[in-house]
Every structure is written in C-alpha cells, then in structure tokens.
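Below is one structure; the comments refer to it alone.
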Amino acid sequence: MINANWKLRILNYLIDTITIVIIFYLVLELLVQITKHIPSEFSLDFSLVLLFVFVLYYLLFESISGKTIGKYITRTVVVSDSGNKPAFIRILLRSIVRIFFIEVFSFFSSNPSGWHDRISGTKVVVIKK
C-alpha cells in the first residue's frame with residue numbers, strides 16, 4: 001500500500017471542508033425552519049451545530065466505507081496501520097481528534113500524517129487501480 005502524499009491529503013481536506021460547509025448550511029436551514037415555531041428562549045448554537053456536522057460527516061463516511069467525498073474523488077481510503085478496515089472506535093477517535101483546530105499543524109513534518117492518523121492508528125492510502 002502506498003500512503004497518500006501531502007497533495008492528496010490537502011485535496012481531501014479542501015473537498016471535505018467544502019462538503020461539510022454545504023451540509024452545515026442545509027442542516028442549519030432545516031433547524032431554523034423547525035425552531036421558528038418554538039418560543040424565543042430557545043436559540044441555536046451555530047458552533048455546536050457545525051461541530052456536530054463535522055464529526056458526524058467523518059464518522060459516518062469513514063466508518064461505513066473508509067472514504068469521505070474527498071477520498072472518493074482522490075481515490076484514497078482510510079485503513080488501520082496494519083492495512084485492514086479500521087474498527088469503529090478508531091474512526092470515532094479519528095473524528096474527535098480532528099476537532100482541535102491546532103491539529104492541522106501536525107501535518108507540517110517530514111511525514112504527512114496528522115494527529116488524527118497517529119492517535120487512532122490509521123493512515124490514508126492510495127487505492128490500487
């Protein structure tokens with residue numbers, strides 16, 4: 001298996017971020033429509049909604065197929081360090097670690113893997129054609 005290089009990882013990140021923002025706005029619009037009939041004491045916390053969408057996006061896609069929208073496009077997949085499909089707990093841990101905004105800086109090393117890879121014991125590899 002060939003590990004995905006930093007260019008593929010950045011492309012995955014950009015595609016997934018755009019997808020998450022689109023999903024966030026759709027979910028937000030749905031919640032606004034639902035909650036407009038609820039008393040005004042109730043308010044939406046947009047950051048919590050975004051956090052929920054963010055974690056759920058990665059958790060669902062990667063636990064089901066090992067691929068997010070970005071990974072489908074770049075033909076990459078998440079695997080365990082041993083090369084097998086990662087256990088759900090590894091994907092959950094991977095998704096949660098991504099929450100920390102400084103996590104992106106973990107890619108600035110000679111090995112383009114983030115904390116979400118190292119802590120969860122996973123990696124992103126290129127799918128053979």
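The values are calculated or read from the model by the stated rules, or taken from the named source; none is laboratory data. In this text the structure is predicted, and so the values were computed from the model without any measurement. Neighbour counts are summed over all protein chains in view; Cβ atoms, including those assigned to glycine, are modelled from backbone coordinates with ideal geometry. Surface areas here come from the heavy atoms of the whole protein model, side chains and all, with no ligands, DNA or RNA. Shrake-Rupley method; radii C 1.70, N 1.55, O 1.52, S 1.80 Å.
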Suppose all protein chains stay in the model; what accessible area per residue would a 1.4 Å probe give for the range 1-72, in Å²? 67 Å²
Using every Cα-Cα pair within the chain, state what percent have a distance larger than 27 Å. 23 percent
Karplus-derived HN-Hα couplings along the range 12-22 (A = 6.51, B = -1.76, C = 1.60, θ = phi - 60°), whole Hz, x at Gly and Pro: 4, 4, 5, 4, 5, 5, 4, 4, 5, 4, 4
Under 30 Å Cα-Cα from Lys85, which lysines qualify once same-chain neighbours fewer than 8 residues away are excluded? Lys7, Lys67, Lys71, Lys123, Lys128, Lys129
Counting only protein heavy atoms, what percent of the accessible surface of the chain is carbon or sulfur at a 1.4 Å probe? 71 percent
Name the long-range amide H neighbours of Thr76: under 5 Å, sequence gap of 5 or more, or other chain; modelled H, no Pro or chain starts. Ile127
Just from its helices, what would the mean residue ellipticity at 222 nm be for the chain, if runs of 4 or more DSSP H residues each count -39500 (n - 2.57) and the sum is divided by every residue, rounded to the nearest 500 deg cm²/dmol? -18000 deg cm²/dmol
Just need the relative contact order of the range 1-77 here, percent rounded to a whole number, with Cα pairs under 8 Å and 6+ apart. 47 percent
Give me a comma-separated list of calculated 3J(HN,Hα) values for the range 115-128, in order, Karplus coefficients 6.51, -1.76, 1.60 applied at θ = phi - 60°, integers in Hz, x for any Gly or Pro. 4, 5, 6, 5, 5, 8, x, 10, 8, 10, 10, 7, 7, 5
Output wanted: per-residue J couplings in Hz (rounded whole) for the range 54-60, from phi through Karplus 6.51 cos²θ - 1.76 cosθ + 1.60, θ = phi - 60°, x for Gly and Pro. 4, 5, 5, 4, 5, 4, 5
Quick one: longest stretch of the chain between exposed loop chymotrypsin sites (Phe, Trp or Tyr not before Pro), exposed meaning at most 16 other C-beta atoms within 10 Å and loop per DSSP? 43-99
